[in-house]
Ligand code: DAT
Ligand code: MG
C-alpha cells in the first residue's frame, strides 16, 4: 500500500491546527501509521529540503523548520501521495483553493502549515529520512471494507 510523509510545520503546531489537520486526513479514510512530535536538527532540515538548497529562500526555510517543534507523520492508502497534496493545497496559501488546508488556514508562503511528499519516490526517501523502520506500524483498520470497495 502507498505511503506518504506529512509534516505539520511549526506554525501549524503553534496555531493549534495539529488535530484539525490529522482529522482531515483520517476522515478521508487514510491510515495513520506513524506520528511523532520533535525538534528538527539543522542537519535533518537541510537534508529534507536539499532539492531547494540553491533557492534564495533556503536559509529562511531551514531556520523556520528548526525554530519550534513539528509533528512528523506517515500515512497509508490508495493514491495517498497525490490525494494528500490535494488536501494540503497549493504551496502559496493565498492562492490555494478554499477547502484545502493551506487555502483555509494560511496567508504567507513561508507559513504554509504543512509539508506533504510530492511523489511516491520522494515519499519513500522522506519516510526513511524521518523515521526508523521500527517506528512504522502496520495495521488494518476495522472499517477498511467500508472505505475500499
Ligand atoms: P511544497 O511545500 O508545496 O512542496 P516546495 O517544495 O516548492 O513547496 O517548497 C518547499 C517549501 O519552501 C514551501 O512549502 C514553502 C517554501 N517556499 C517555496 N517557495 C517559496 C518562495 N518563493 N518563497 C518563500 N518560501 C518558499
Ligand atoms: Mg515540495
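The values are calculated or read from the model by the stated rules, or taken from the named source; none is laboratory data. What you are looking at is a predicted structure, and each value in this text was computed from that prediction instead of being measured. Note that each Cβ is placed from the backbone with ideal geometry, even for glycine, and that neighbours are counted across all protein chains shown.
Give me the pairs, please: first residue somewhere in the stretch 49-65 and within 19 Å of residue 125 (Cα to Cα) and near ligand 1 (Cβ under 8 Å from one of its atoms), second residue anywhere and modelled with pLDDT of 95 or more and part of a helix (DSSP H, G or I), beta-carbon distance under 9 Å, and either six or more positions apart or on two chains.
From the stretch 49-65, the pairs are 49/58; 49/61; 49/62; 49/65; 51/122; 52/58; 52/61.
Does residue 70 satisfy being in contact with a strand residue (DSSP E or B) (Cβ under 9 Å, 6 or more places away or on another chain), surrounded by 17 or more Cβ atoms within 10 Å (Cβ to Cβ) and within 15 Å of residue 44 (Cα to Cα)?
Yes, satisfied.
I'd like to verify a number: residues in the stretch 101-121 that are in contact with a helix residue (DSSP H, G or I) (Cβ under 8 Å, 6 or more places away or on another chain) and surrounded by fewer than 19 Cβ atoms within 10 Å (Cβ to Cβ), how many?
Qualifying residue count, the stretch 101-121: 5.
Tell me yes or no: at least one residue of the stretch 126-137 is within 13 Å of ligand 1 (Cβ to nearest atom) and either farther than 19 Å from residue 86 by Cα or surrounded by 14 or more Cβ atoms within 10 Å (Cβ to Cβ) (or both).
Taking the stretch 126-137 first, the residues within 13 Å of ligand 1 (Cβ to nearest atom) are 126.
From the residues that got through so far, the ones that are either farther than 19 Å from residue 86 by Cα or surrounded by 14 or more Cβ atoms within 10 Å (Cβ to Cβ) (or both) too are 126.
Checked the stretch 126-137: at least one residue is within 13 Å of ligand 1 (Cβ to nearest atom) and either farther than 19 Å from residue 86 by Cα or surrounded by 14 or more Cβ atoms within 10 Å (Cβ to Cβ) (or both).
Among the numbered criteria (1) part of a loop (DSSP other than H, G, I, E, B); (2) under 15 Å from the mean Cα position of the chain (by Cα); (3) closer than 25 Å to residue 137 by Cβ, which one does residue 91 miss?
(3)
Filter the stretch 91-100 down to the residues that are in contact (Cβ under 8 Å) with a residue 12 or more places away in the chain and either farther than 21 Å from residue 23 by Cβ or more than 16 Å from ligand 2 (Cβ to nearest atom) (or both), then identify the one that is surrounded by the most Cβ atoms within 10 Å (Cβ to Cβ).
Applying the filter and picking the extreme gives 92.
If you check every pair at least six apart or on different chains, which have Cβ atoms under 6 Å apart with a residue in the stretch 128-145 that is closer than 15 Å to residue 75 by Cβ first and a residue that is not in a loop (DSSP other than H, G, I, E, B) second?
Final answer for the pair search is 130/72; 131/34; 135/34; 136/33; 136/34; 137/33; 141/31.
Would you check which residues across the stretch 49-83 are closer than 17 Å to residue 113 by Cβ, assigned to a loop (DSSP other than H, G, I, E, B) and within 16 Å of ligand 2 (Cβ to nearest atom) and list them?
49, 57
Residue 131 is checked against (1) in contact with a helix residue (DSSP H, G or I) (Cβ under 9 Å, 6 or more places away or on another chain); (2) within 17 Å of residue 6 (Cα to Cα) and fails just one. What number does that condition carry?
The failed condition is (1).
Out of everything in the stretch 23-48 that is in a helix (DSSP H, G or I) and in contact (Cβ under 8 Å) with a residue 40 or more places away in the chain, what residue ends up being nearest to residue 126 (Cα to Cα)? Quick ask: steps written out before the conclusion?
Step one: filter the stretch 23-48 for residues in a helix (DSSP H, G or I), giving 23-28, 42-48.
Add one more test, that the residue is in contact (Cβ under 8 Å) with a residue 40 or more places away in the chain, and what stays is 24-25, 28, 44, 47-48.
Details: 24: 21, 25: 18, 28: 22, 44: 10, 47: 9, 48: 7 Å.
Within the stretch 23-48, the match that is nearest to residue 126 (Cα to Cα) is 48.
What residue, of 76, 149, is in contact (Cβ under 8 Å) with a residue 60 or more places away in the chain and away from ligand 1 (no atom under 16 Å from the Cβ)? Please lay out each step first, then the result.
Working: 149 fails: in contact (Cβ under 8 Å) with a residue 60 or more places away in the chain.
One residue alone meets the criteria, 76.
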